[in-house]
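Down below is the structure, laid out as structure tokens.
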């Protein structure tokens, strides 16, 4: 087994949730909503604490906007696991493919992105 596997466009990861998870919000490797850290993917369904969660890790995922998101711009996680425009005190989790201030947008998920 390779130390690093490349995910395909239809890949879904499973993790154990360590808190209640809301669909279409970012999730980290600990099974929590991502807050100012790298996201492993996007929750595909609402999930209870200690349950198995399905996480979309395809290059393009639909995610909930928690504030202004501008197409082409970097995205960070807010305190609830929603995406907002990147700010200097966050980490880039992906790039917006749509512009919105609420609702749902498409994002290009970015594994291993760093602050600019």
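The values are calculated or read from the model by the stated rules, or taken from the named source; none is laboratory data. Small disclaimer: the values here were computed from a predicted structure and weren't measured. Every residue, glycine among them, receives a Cβ derived from its backbone with ideal geometry; neighbour counts consider all protein chains shown.
Miscellaneous remarks
- Residue check: residue 15 meets all listed conditions (1) surrounded by 20 or more Cβ atoms within 10 Å (Cβ to Cβ); (2) touching a residue at least 40 places away in the same chain (Cβ under 8 Å); (3) assigned to a loop (DSSP other than H, G, I, E, B) but one, namely (3).
- So residue 7, is it modelled with pLDDT under 90 and either assigned to a loop (DSSP other than H, G, I, E, B) or buried (at least 17 other Cβ atoms within 10 Å of the Cβ) (or both): yes
- Only one entry in 67, 72, 81, 90 is surrounded by 21 or more Cβ atoms within 10 Å (Cβ to Cβ) and assigned to a loop (DSSP other than H, G, I, E, B), namely 81.
- Which listed residue is within 17 Å of residue 12 (Cβ to Cβ), out of contact with any helix residue (DSSP H, G or I) (no Cβ under 8 Å at 6 or more places or on another chain) and in contact (Cβ under 8 Å) with a residue 40 or more places away in the chain, from 63, 83: 63
- Flag if residue 65 is farther than 19 Å from residue 30 by Cα and more than 11 Å from the chain's Cα centre (by Cα): no
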